[in-house]
Every structure is written in structure tokens, then in C-alpha cells.
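Quick notes on the structure that follows.
The values are calculated or read from the model by the stated rules, or taken from the named source; none is laboratory data. Everything numeric here is computed off the predicted structure, so don't read it as measured data. Every residue, glycine as well, gets a Cβ built from its backbone with ideal geometry; the counts of neighbours run over all protein chains shown. Each accessible area value is taken on the protein alone, full model and side chains, heavy atoms only, with ligands, DNA and RNA left out. Shrake-Rupley method; radii C 1.70, N 1.55, O 1.52, S 1.80 Å.
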Amino acid sequence: MSAATTRSRTPDRLCAEAVDLARAAAEEAAAPGIVGEHVELVSEGDRVVTHFFECKELGYRGWRWAVTVARASRAKIVTVDEAALLPGPDAVLAPEWVPWSERLRPGDMGPGDLLPTDAEDLRLEPGWTGEDEPPPNSVVSEDMAALAEAEDAEVTAGPLAVPARGSIAAVAEELGVRRARVLSRYGLHIAADRWEEAFGPKTPMAQAAPAACVSCGFLLRIGGSLGQAFGVCANEFSPADGRVVSLAYGCGGHSEAAVMPKPPQPAPPVIDETRVDPFPLRPASDSGSVPVTADEDTEELGHS
């Protein structure tokens, strides 16, 4: 270990004793009453020491005011180098910043939001690539572009940029396949995995369904390779209405589900009309339901 390294780890005496100077610099940078007790000091190098003070600012738990002081060689005066608020070992820090492309989740986009797609997006691949060579006088030809650049002219698209009838470009335009990029096989796979996880055979709704969507009359078929495993639900009472569902998915709104049984009705009362049941208007005297009392008024009239 060299002598310079040994000196750098040993705090300079004058710089280490300049606690009041460091506190005054921290209080000048902070608000009154924010700088707390002196925590520690660290030697940054030859005649360079950093003093740490407790921070009492609300919301900055564990942070410390750091003031670095230094002095020149053979000088007796210590000066302030810088003062800053730094996090301590147990400071409360904000979470690590994540780019927006990684923070974005399904449903985050709102009206007016634009989501740029990366040119190297693995979910997409080049689409229609059979474009004809543009005519020499077309605004998209290389000769016309070079001529416009040489003459400093502004060229706008006109009738000449329309593909000729019968060409590959015209046929692709009519069929609707003239797209710059289409879904790649990877894009199809991740879309299928996402849809099957949301409305697939392993969901609780599908496990309790009477039948699968493949036999439901509310299922709308879709084209392409995904149509072999998915469709669109058109049952307004289904939880998957308007969603892409797996053919193995199912719910209680299946078109061929069994008719729900009617609630049980109580049996009608049975009346025996061949027997007469006497119902006394007054309880018997010996039934014990009413006390037997003597009534003088009723005795005179002959009533009991």
C-alpha cells in the first residue's frame, strides 16, 4: 500500500474539525431547522473530508446533508467545496425508472393517445413485398426524386402515383393486402396465448360450462390460421360478449344449454269432503284453556 493511499484514508485534522463550517453551509442550502445532528465524516482524499448531517425534512427519511470541505496544501484555512442532499443506507428511494415501453399495459391507452411501434418489433414482419417498379415519370421513382432534389422543387403525389390497373400493386390494393407489415408467427403465438388465458378452457367459467363454444350458435368464426382455434362471442348475456374466445371455452349462455327447470310448486291442499270435523265455537270447560269462573249475570239468564 502506497503512502498516498494511506494518507487519503486518514481524515485531515483541520478538515475533520471543521464541523461548524460544514453545518453552516448545510443550513444555508437547506431550510431552517432541517439540518440535524452530525452523523459521520468520510475522507475523500488528501485534505478533503465530507461531513454528513441528519436531514429532518418530511418525506426524506434516511437522507443526509453532505458537505465536502477541503484545504490547500500547507494552508491553514478550510473552505467549503460543495453541499448536497444524499440518500443514506436506509433512505427511502423512488423505484427504479422503467421505460414507458415496458410500463405500458393493456387498457392504458386512451382517446388521442399514440403508441409508436418499434421498427424491429418481433410481433410484426414485412407484409406485401410485390410492389411493381414505379414508372419513370412517377413521383415515387428515383429519377424524379433526384430531379426534384437537384431543382429544389416540391413534388406532391398525383394521379401518376396510382398503380396501373391490372398490375400487382393494383390487385393488392383491391384485395386489401397491401400492408407494410403483418403479424409474424411470434405475434400470432403471443396473441393466442393471451386470448386463451383470458377466455380459454382452463378458466373457472369454462370448467363449469355445460358445453364448449365450438358447438354454440352464438360463436362467430374468424378467418386466418387463428380461426382454427378461436372465434368471437356474440351472446350479449355472456361474459365474453364481443371478445375473442377459444373454441374450448364455454359459459352458461351456450345456445344448446339445457332448459332450466321451473321452481317447484307446492302441492294443492287435500280436502276430505266425506267426513265432518266438528269445530266448537267455545272451548270446553274441562279443556284447561280458560279458567272456570262463575258469572252471576249469566246464571240468572240460564246460561252457563
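Data table
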item	result
Single residue of GLU57, GLU37, GLU17 found to be under 41 Å from the mean Cα position of the chain (by Cα) and open to solvent by 50 Å² or more (accessible area, probe 1.4 Å)	GLU57
Lone unmet requirement of (1) assigned to a loop (DSSP other than H, G, I, E, B); (2) out of contact with any Cys (no Cβ under 7 Å at 6 or more places or on another chain) for GLU196	(1)
Residue in segment 100-108 that is of a type in the set (S, T, N, Q) and surrounded by 15 or more Cβ atoms within 10 Å (Cβ to Cβ) present	no
Residue that is modelled with the highest pLDDT, among those in segment 256-304 that are closer than 30 Å to GLU196 by Cα and open to solvent by less than 100 Å² (accessible area, probe 1.4 Å)	ALA257
Complete set of residues in segment 206-227 that are closer than 19 Å to ALA192 by Cβ and in contact (Cβ under 8 Å) with a residue 12 or more places away in the chain	ALA206, ALA212, CYS213, VAL214, LEU219, LEU220, ILE222, SER225, LEU226
Check on GLY242, open to solvent by less than 80 Å² (accessible area, probe 1.4 Å) and either touching a Phe, Trp or Tyr at 6+ places or on another chain (Cβ under 8 Å) or modelled with pLDDT under 65 (or both)	no
Count - residues of segment 204-229 that are farther than 16 Å from HIS254 by Cα and part of a strand (DSSP E or B)	0
Near pairs, Cβ below 6 angstrom, 6+ apart or cross-chain, from segment 86-107 (modelled with pLDDT of 85 or more) to any residue that is part of a loop (DSSP other than H, G, I, E, B) and aliphatic (A, V, I, L, M)	PRO87/LEU93
Hey, GLY253 touching a Cys at 6+ places or on another chain (Cβ under 9 Å), free of Cβ contacts under 8 Å to residues at least 60 places away in the same chain and either in a loop (DSSP other than H, G, I, E, B) or exposed (fewer than 12 other Cβ atoms within 10 Å of the Cβ) (or both) or not	yes
Members of segment 211-229 found to be surrounded by fewer than 12 Cβ atoms within 10 Å (Cβ to Cβ) and in contact with a His (Cβ under 9 Å, 6 or more places away or on another chain), listed by number	GLY217
Segment 17-58, residues that are among the small types (Gly, Ala, Ser), out of contact with any Ser or Thr (no Cβ under 6 Å at 6 or more places or on another chain) and touching a residue at least 12 places away in the same chain (Cβ under 8 Å)	ALA18, ALA22, ALA25, ALA26, ALA29, ALA30, ALA31, GLY33, GLY36, SER43
